[in-house]
Structures are given as structure tokens and as C-alpha cells.
Amino acid sequence: MNGAHDLGGSHGHGPINPDPNEPLFSQEWERRCFAVTLAMGFTGQWNIDQARFARETMRPGKYLETTYYEHWLHGLESLLLDRKLISQSELKSKKAQNTPKTLSRILKAEDVAPALEKGGSARRQEVGNAKFSIGDFVITKNIHPANHTRLPRYVRGRRGKIDRIHGVFVFPDTNSAGLSEKPQWLYAVRFEGEELWGEDAEPNSCTYVDLWDDYLEQA
Amino acid sequence: MNGAHDLGGSHGHGPINPDPNEPLFSQEWERRCFAVTLAMGFTGQWNIDQARFARETMRPGKYLETTYYEHWLHGLESLLLDRKLISQSELKSKKAQNTPKTLSRILKAEDVAPALEKGGSARRQEVGNAKFSIGDFVITKNIHPANHTRLPRYVRGRRGKIDRIHGVFVFPDTNSAGLSEKPQWLYAVRFEGEELWGEDAEPNSCTYVDLWDDYLEQA
Amino acid sequence: MPHDGHDNGSKLSETELRVRALESLLIEKGYVDHAALDQLIETYETKVGPRNGARVIAKAWTDPEYKSWLLSDATAAIASLGYSGRQGEDMVVLENTAKVHNLVVCTLCSCYPWPVLGLPPTWYKAAPYRARAVSQPRAVLKEFGVELSEDVEVRVWDSTAETRYLVLPMQPSNTNNWSEDRLAEIVTRDSMIGTGLVGSNA
Amino acid sequence: MPHDGHDNGSKLSETELRVRALESLLIEKGYVDHAALDQLIETYETKVGPRNGARVIAKAWTDPEYKSWLLSDATAAIASLGYSGRQGEDMVVLENTAKVHNLVVCTLCSCYPWPVLGLPPTWYKAAPYRARAVSQPRAVLKEFGVELSEDVEVRVWDSTAETRYLVLPMQPSNTNNWSEDRLAEIVTRDSMIGTGLVGSNA
């Protein structure tokens with residue numbers, strides 16, 4: 001979706017203001033939001049692309065006016081409601097009212113270390129050869145799906161060069177829709193600054209974007 | 001600027017919800033904001049492109065979370081402060097503290113009708129012939145200026161056809177920066193839906209955008 | 001999905017205070033004149049509105065010569081009926097036909113032909129319409145209750161310059177013998193933006 | 001220009017209440033386990049952070065064989081030091097040189113290599129950095145106090161997939177005889193994102 005989350009190249013957001021002394025979590029609720037989101041993620045009721053998409057469905061202005069963990073909170077509540085793991089009325093009353101769903105996986109303290117170490121790679125088995133080779137020129141498709149995509153607006157319809165072949169990975173556009181993993185080749189594609197920003201590009205600069213076969217056409 | 005105001009093609013804003021019974025102004029403050037903005041506009045302390053740019057400089061999330069006349073209010077306050085017609089401290093205290101600037105034009109009640117009727121055309125004298133002819137194919141430039149522009153993001157780097165030649169008009173990009181009017185030919189350029197939105201375009205649809213010479217290159 | 005409430009109540013009263021303070025400050029400074037402000041408001045609340053545009057459309061429907069003038073030099077043809085000036089200095093009229101439907105938007109702000117339509121409605125100025133009119137015009141039209149078959153070309157006009165667009169809607173076929181006055185009454189604002197059609201039972 | 005205040009105070013406490021309620025609801029439902037939540041927090045507050053990445057960099061600086069392994073198969077080379085798993089399943093290391101400077105961003109969300117850098121700082125997750133790192137990397141670097149001459153190519157890496165990027169910064173020239181442990185102490189988090197350089201007087 002062409003949402004507020006797709007920030008690359010946008011103006012008007014003010015200075016970056018890095019704070020060298022900031023704590024890992026600036027508020028206690030961030031700490032809890034982080035942990036609850038991870039723990040619910042481990043239950044396997046949704047995949048990472050669905051989690052990202054849920055965060056993107058926040059109202060655009062609200063997304064821009066809130067912080068990272070507020071996006072997480074919105075996403076988590078959305079997913080829990082959508083999967084009927086909780087109800088609106090439970091959320092409002094702050095009390096469990098309905099029988100919980102049976103989840104096949106629930107994260108226990110002793111599972112935390114092994115689960116984090118295992119992670120969950122999106123890499124899938126390679127079948128055949130990659131469609132493009134290193135050095136090939138490609139054009140990104142000019143798509144504007146209403147659903148989740150990982151092809152940012154600033155890089156659509158642009159000419160780039162295959163720089164690396166990462167391997168075969170789950171395709172977020174279909175995986176976020178719960179359709180299928182549709183694994184395919186993933187590349188780091190290099191775009192020259194001028195190709196992306198025209199005369200407003202900074203000198204001697206370029207951007208590499210990780211892109212899947214379905215986003216690319218031979219140049 | 002690639003700001004939140006540049007809405008064409010973005011998703012997630014919800015339904016349109018037209019209200020057939022809405023009044024012209026839904027709040028008394030909107031009525032006053034409208035009138036004060038128009039009256040100050042007539043003093044000639046800024047041009048319309050500067051007024052638009054001032055509204056665009058609102059924080060992106062704030063812009064999206066507020067309504068039309070709140071954008072106007074932000075723009076008007078910004079311009080008044082920038083031109084030193086009022087001070088921050090006057091704005092806060094709600095009382096005049098400094099000697100007013102002398103303005104050459106102040107709108108009186110009896111001037112309202114003639115001033116509105118006169119308007120202020122951005123049309124300028126035609127010199128020579130238009131660079132492009134009706135039917136010519138053009139490519140819009142892929143520019144990303146930090147300043148005001150009227151070339152929307154969704155139509156940059158796209159191929160279109162000259163449909164109408166409007167005449168010679170003030171160029172907003174320079175006029176908004178107070179540099180010069182740089183009058184130039186203005187065209188209605190037709191873009192096929194598929195050129196703009198790829199496979200996500202609706203069938204049998206196209207968009208016409210008014211564009212100046214400086215935005216266009218021969219296709 | 002949960003929809004986070006947006007606290008308009010407290011927001012608007014804060015804005016109201018800001019506007020009042022600004023107005024009185026500008027009057028105190030002598031930059032604006034109270035009577036002129038009232039005059040501006042009165043003009044757009046009582047004199048300038050879509051009834052103006054409806055007169056233009058009705059005349060075009062009943063007077064072929066006027067219609068052809070309107071399509072070739074809209075600014076002059078509209079001014080001949082007394083509608084001209086601010087935010088309508090350079091007009092273009094777009095004719096709807098059985099095969100072409102025109103729709104007007106301003107994606108970057110909310111440009112609108114004031115002398116013929118007055119001030120724009122809220123939806124015209126808000127994000128949903130501005131975002132989607134160019135990319136999903138048929139879906140947008142459906143939200144206004146207008147369904148067009150695929151053989152009708154939908155033309156969206158994004159008002160990025162000072163040119164202002166007015167749609168000349170199709171005249172309902174059973175109104176051919178109607179008077180100009182009677183026709184003017186059925187021309188809606190939305191039909192002149194392109195988000196509506198004109199019906200004969202309005 | 002006036003900057004409209006953003007009422008964080010009342011907002012955050014409302015959010016805090018929402019989070020607390022959600023957590024207790026999920027515990028009551030049996031979906032999450034309180035001890036596991038504490039364990040997750042403790043892990044990222046005490047075990048996983050940029051000191052991990054610094055060990056990787058210091059080893060690469062002192063062990064040419066390890067460096068070449070790191071650049072050809074980052075995931076395995078990093079895992080050999082005990083750093084692997086969630087949000088670092090597929091790693092790529094980018095080498096800075098006198099002619100190439102790499103900078104990592106995630107414009108669409110905030111992807112970040114957790115096993116080696118921990119959780120991202122606020123600025124990495126916020127709009128200004130995500131918006132500008134790709135279009136104005138040199139200006140962004142200046143805000144971090146890094147000025148690169150025009151003959152240094154700036155390469156920005158937008159983390160749109162599950163690949164996670166770690167920058168291998170240039171080793172300060174006067175640290176060639178330093179031990180791995182001592183070198184690890186001067187490697188900063190920002191130098192491994194690309195928004196900083198490593199100095200020898202850290």
C-alpha cells in the first residue's frame with residue numbers, strides 16, 4: 001500500500017536529533033509492548049509480513065504522529081481482534097470474557113533463548129537458477145497495490161543493476177495476504193542517485209534495495 | 001516538496017463520506033479564518049504560491065490529522081511571522097505590542113466586490129510559440145525539490161501527451177521561492193491510467209495534469 | 001481493527017481561540033478591516049455558489065452557440081453571465097458525453113472554481129478524495145453512487161495550475177423542452193465536479 | 001514558523017494504560033506467559049546489543065581470514081561468535097573503504113540486525129532518518145557529524161527484505177597494533193549502521 005510508512009524521499013519531517021544517551025526503552029510501556037508483541041508473534045497466529053501490514057493500516061496522520069512502539073501496539077491489537085483472539089469488548093473492559101482460543105505454541109521463559117536463537121529465516125530452498133545475473137540491468141515495476149508490498153514508491157519504475165543474489169526468499173506481497181509464501185529470488189539492486197532523485201540527487205551516491213523477481217523486469 | 005499534501009495515489013485515508021447537508025462553514029472559526037486569510041492575501045505581502053507553500057510546511061502527520069482551514073490557519077500564521085507583520089510574542093499574548101508595518105493595500109468593505117471580481121490571473125503575455133504542440137509526447141522530469149512544486153509525485157518520470165495549450169503562466173516553483181515569476185507555457189498533459197498505476201490502474205481511465213515547460217522533456 | 005479516537009472536541013476549541021486571537025490582533029494592527037471580513041463571508045455565503053455554475057450549464061444546454069463558446073473560451077463565456085474573478089480567472093469547461101466522463105480534483109491542495117461553484121465541500125478538500133480520485137476514479141464515483149460502464153472513458157483532471165475546471169454534465173434526455181430556468185434547478189454541484197450525474201427528478 | 005505542540009504527556013499515559021490492559025488480558029487468556037515476557041526484556045536489555053557487533057568488527061580487523069569469511073558468508077561468520085537468530089537470520093556485511101561509505105536504513109519500517117546491534121535507537125525508527133537517508137545521505141551524515149568528500153561513494157542500503165546489513169567500518173590507522181579486545185571498545189553502534197566513523201580516542 002502507498003501508506004504513510006513508505007517514507008523514503010519524503011520531506012518535512014524535521015531534523016534527526018540523535019540522542020546518544022537514550023535508554024533502550026524510554027518508557028516502561030514500551031518494554032512491555034515489545035515483549036508482548038514478540039511473545040504473541042511466537043504463537044504463530046500470523047507471519048511477519050502480516051504483522052508489518054497490520055502496523056501500516058494505522059491512519060496515515062496518526063502513524064506519523066506516533067512512535068515505533070505505538071505502531072506495534074496498533075498492529076498487535078489489530079491482529080488479535082482480526083484473529084478473534086480477543087474481542088473489542090474485552091479490549092475495552094480490560095477483562096477476559098470469552099473462552100480463549102487454543103494455541104499450539106505458547107512461549108515459556110525457558111523457550112525464550114532457544115526461540116530467539118532459532119529465529120525464523122525467510123530463506124527457502126533454491127530451485128533452478130536466478131532469473132537475473134549480477135550486472136544485469138532491470139526496471140522495477142510501477143505497481144500500486146492496496147495491500148502490503150516491499151517495493152517502496154521512490155524506487156518504482158526505475159532502472160537498476162543487479163548487485164547481489166541473496167537466494168530464494170518468501171515473497172511478502174502474497175505472504176502478508178495469507179495467500180502463499182511464493183518463494184522467489186531476491187537481489188540487492190543498485191540504483192544510481194540520479195536515477196532516483198534526478199537533478200536533486202546528491203553527488204556520487206546510490207541506493208541498494210532488496211527486491212524480488214516479481215518486482216523486476218529486464219531493462 | 002515531497003510533503004504530506006501530495007496525496008495523489010496514496011492509500012489508507014478511509015472512505016470519502018460526502019455529507020449532502022453540510023453547511024458552507026461548519027464552525028464559526030472557519031468563517032473567520034477564511035475571511036482573514038483572504039483579506040491578508042489582498043495586502044500583497046505574499047503571492048498565492050507562497051501561501052500554498054506555507055500550508056505545506058505543516059508537520060506531515062499534523063497536516064493529515066487536521067482540516068482545510070486549520071491548514072490555512074497554519075499557513076497564515078507562518079506568513080505573518082515570517083514577514084514580521086506580527087511577532088511570536090504578539091501571537092501568544094493576543095495583543096499588539098509592536099508598531100504595525102505600513103501596508104500599501106488594505107481591503108475595505110467597499111473594495112471586496114471589485115477585488116474579488118478582478119481576481120489575479122496568473123496568465124502572462126505570450127512570447128513566441130509553445131515549446132510543445134498538441135499531440136506531442138512528453139516525459140515529466142523526475143525532480144524532488146525541497147521547495148514548493150506543482151509536479152505531483154505520482155506523475156514524475158511518466159510519459160504523457162500534450163492535450164491542450166493553456167497559454168503562458170507564472171511558474172510556481174520559482175514564484176513560491178520569491179525568485180521570479182518565470183512565466184512559461186502551461187499545458188494539460190494526458191497520462192493513461194496504466195502509465196501512472198501499472199497493473200493496478202482502473203480500465204479505460206486517464207488523468208490530465210496541468211504542467212509547465214520546466215517540468216517536461218520531449219519523449 | 002481498532003480505530004483510535006481523534007479528539008476533535010478539545011482541538012477545535014483551541015483552534016477557535018487561535019483564530020479569534022489572530023483576527024483581533026490583525027484588526028488591532030490595522031492590517032484587516034472588520035467590515036471587509038464580514039463582506040467577504042457574506043459574499044461567499046449568499047452570492048457565490050453552485051447556482052452560478054448551474055446557470056452556465058443550463059444556458060449551454062439550451063443555447064448551442066453559447067455552448068460552443070463555453071467549450072472554446074470558458075472564461076469569457078462564463079464572465080458574460082456575470083461570474084468571474086478570484087479562483088476562476090482562467091476557466092476550462094469539460095464536456096461529458098455518452099463515451100467520456102470528466103472528474104475534477106486537486107491532489108495537492110483544493111483548487112476549485114469559486115465564481116461558478118463557490119467554496120469547495122469538505123470531502124473535496126480532505127485526504128480520501130484527493131488521494132484516490134486520480135488512482136481509483138471509478139471506485140470513487142461508486143462512493144458517490146455513480147457507476148459507469150467500462151466503455152465510458154473516465155478522465156480525471158488534477159488542478160495543479162491556476163486553470164480551473166468545470167464539468168458540463170450530460171443533459172437528461174427527457175428534458176429537451178425544459179426552460180433554461182427549470183434546467184438550472186436540476187444541475188447539482190457534484191455534477192459540475194464530475195462526482196454526480198444530472199437526473200430529471202431532482 | 002509556529003510549531004504546534006504535540007501533547008505527548010496525556011497521550012503516553014493513555015498508551016501506557018492500553019498496553020497494561022492488553023498485557024494482563026493476554027496473560028489472563030493464557031496466550032502469553034509473564035516470566036517469558038520478563039525473559040525477553042532481560043535478553044535485549046542485557047545480552048543482545050552493539051557490543052556483539054563490535055566483537056565481530058574487532059575480529060575482522062585483526063583476523064584477515066575471518067574478515068574474508070565475514071564478507072563472503074556473514075551469517076555463518078557472525079554465528080561462529082555466538083550471535084545469530086531473530087532479525088539476523090540472513091546477514092550481509094558491507095565494507096567501508098577510503099572510497100566507499102555504506103549506510104543502512106529501513107525506509108518502510110525499521111529493520112535492523114538485532115543479534116549484532118540489539119534493538120534500534122529511536123532516530124533509526126523515526127520519520128526524519130527513514131525519509132532522508134535514501135535521498136539525502138550526505139546531509140544526513142552531516143547531522144551525525146560525518147562529512148565525506150565527494151570522491152567517496154555513498155551507498156545507502158534500504159532493508160526492504162529479511163536480509164540484515166551490518167557495516168564494517170574502517171579501522172583507524174593508528175590502531176594496527178591494538179588487541180581485539182581493545183579494538184572492540186572503540187567500535188560504536190553508529191559506525192556499524194554507517195552514521196558514524198570509528199575514531200581511536202573513543
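Observations on the model:
- Across the identical copies, how the residue A:84 labels are spaced - nm, sorted shortest first, 7 Å along Cα→Cβ: 6.8
- Cross-link pairs exceeding 32 Å between alpha carbons, from the set C:47/C:125; A:92/A:182; A:141/B:161; C:59/C:142: A:92/A:182.
- For the peptide B:120-127, the mean number of other protein chain Cβ atoms found within 10 angstrom of a residue's Cβ is 3.
- Using a simple spin-label model with pseudo-atoms 7 Å out from Cα toward Cβ, residue A:141 and residue C:173 lie 4.1 nm apart.
- Expected 222 nm ellipticity per residue - DSSP helices of 4 or more, -39500 (n - 2.57), all of chain D, to 500: -12500 deg cm²/dmol
- Shielding score for A:93-104, defined as the mean number of other chain Cβ atoms within 10 Å: 3
- Inter-site label distance for residue D:147 and residue C:95 at 7 Å from Cα along Cβ, in nm: 6.4
- Straight-line cross-link partners of residue A:131 among the aspartates and glutamates, defined as a Cα under 16 Å from its Cα and at least 8 positions apart when in the same chain: A:163, A:210, A:213, A:214, A:217.
- Proximal aspartates and glutamates to residue A:101, defined as alpha-carbon separation beneath 20 angstrom and excluding residues fewer than eight positions away on the same chain: A:77, A:82, A:90, D:23, D:28, D:33
- Hydrodynamic radius (Kirkwood) for the protein assembly as shown, which is based on Cα pairs only, to one decimal in Å: 29.3
- Normalised by residue count, chain A yields a Cα convex hull volume of 175 Å³ per residue.
- Cubic angstrom per residue, convex hull over Cα atoms of chain D: 161
- Packing-based ranking, highest mean first, of C:46-52, B:21-27, B:104-110 given that Cβ atoms within 10 Å are counted: C:46-52, B:104-110, B:21-27
- Rounded to 5, the percent of DSSP beta bridges in the protein assembly as shown classed as antiparallel: 55
- Once each of the GluC sites (Glu not before Pro) sitting in a DSSP loop with at most 12 other beta-carbon atoms within 10 Å is removed, chain D keeps D:1-146 as its longest stretch.
- For the protein assembly as shown, cysteines whose Cβ has no other cysteine Cβ within reach (under 4.7 Å): A:33, A:206, B:33, B:206, C:109, D:109
- Inter-copy separations for residue C:76, label at 7 Å along Cα-Cβ, nm, ascending: 8.0
- In this structure, residue C:21 and residue B:163 have a Cβ-Cβ separation that, at R0 = 45 Å, corresponds to a calculated FRET efficiency of about 0.45.
- Using a Gaussian network model of chain D in which every pair of alpha carbons under 10 angstrom is joined by a spring, one finds that among D:85, D:53, D:118 the greatest mean-square fluctuation is at D:85.
- Distances, shortest first, from the label point of residue A:135 to those at the same position in the other copies read 4.5 nm; the point lies 7 Å along Cα to C-beta.
- Chain B, relative contact order [Cα under 8 Å, separation at least 6], %: 19
- Against the rule of thumb 2.2 N^0.38 Å, how large the Cα Rg of region A:28-118 comes out: 1.13
- Residue among C:117, C:17, C:168 with the largest mean-square fluctuation in a Gaussian network model of chain C, springs linking Cα atoms under 10 Å: C:17
- Computed over region A:28-118, relative contact order equals 33 percent, with contacts defined as Cα pairs under 8 Å that lie 6+ residues apart.
- Across region A:62-187, the mean sequence separation of Cα contacts (distance under 8 Å, 6 or more residues apart), normalised by length, yields a relative contact order of 18 percent.
- Inter-chain Cβ neighbour count for C:170-181, averaged per residue, equals 0 (cutoff 10 Å, partner chain atoms only).
- Approximate shape of region D:82-191 as ellipsoid semi-axes (Cα gyration tensor, √5λ), whole Å, largest first: 22, 20, 12
- Chain B residue nearest the rotation axis toward A, with distance: B:61, 2 (Cβ to axis, whole Å).
- Largest GNM mean-square fluctuation across B:54, B:39, B:146, computed for chain B with C-alpha springs under 10 Å, falls on B:146.
Only the coordinates and a few stated rules stand behind these numbers; no lab work does. In this text the structure is predicted, and so the values were computed from the model without any measurement. Heads up, the Cβs are rebuilt from the backbone with ideal geometry, glycines too, and the neighbour counts pull from every protein chain shown.
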